[in-house]
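Derivation of every value follows stated rules applied to the coordinates shown; laboratory data play no part. Just so we're clear, the structure is a prediction, and the values are computed from it rather than from any experiment. Cβ sites come from the backbone with ideal geometry, for glycine too, and all protein chains shown count toward neighbours.
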Amino acid sequence: MVQTSNGQRKVIEKIMDKIGKVTGIGGVFIKAADCEGLKNWYQTQLGIPVDAYGWSFFWKDAEGKDCLTQWSLFEQRSTYFDPSDKPMMINYRVDNLDALLENLQGAGITLVGEPQSFDYGKFAWILDPEGNKIELWEPIDSGF
């Protein structure tokens, strides 16, 4: 492992800010054959107070900003994970989504669908080399 000084680390962080990077887990999404049954299991066995959308875990990032990670179940027949046939999808929080997408496309990684913007952030999707769909989310509000 290469040792870096604080000054070198700050330069690397500035460069990474310009190219975009993952900053945390924005969500964990799981397909379920019986969503209600599985929600009840998670609530009873693990104490997760699941609502109609799943549950939001609130946390603070390294800079002390409020963040959340959404945990949700999807019906087995959901097409939201397409074209992946995997039963799970992870949403990664990112900064500078546009720059990250430019770099991913430059590396030959194809977007799944078109990026979308909502009042709570910008989204884009890619597949990893094993066919797992990845959702990339650049939150707009610091509360997310």
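At a threshold of 8 angstrom on Cα-Cα distance, excluding pairs fewer than six apart, so keeping six or more, what relative contact order does region 33-144 reach in percent?
On the way: 160 pairs, mean separation 26.2, N = 112.
After rounding, I find 23 percent.
Under the rule of at least 5 residues apart or a separate chain, name every residue whose amide H is placed under 5 Å from the amide H of Phe74.
Ile30, Lys31, Ala32
Take peptides 130-140, 99-109 and line them up by average Cβ neighbours within 10 Å, highest first, as a rough protection proxy.
Working: 130-140: 17.4, 99-109: 13.6.
Result, highest mean Cβ count within 10 Å first: 130-140, 99-109.
Cross-link candidates for Lys21: which aspartates and glutamates have Cα within less than 16 Å, leaving aside residues fewer than 8 places away along the same chain?
Within the straight-line cut-off, Lys21 pairs with Glu13, Asp61, Glu63, Asp95, Asp98, Glu102, Asp128, Glu135, Glu138.
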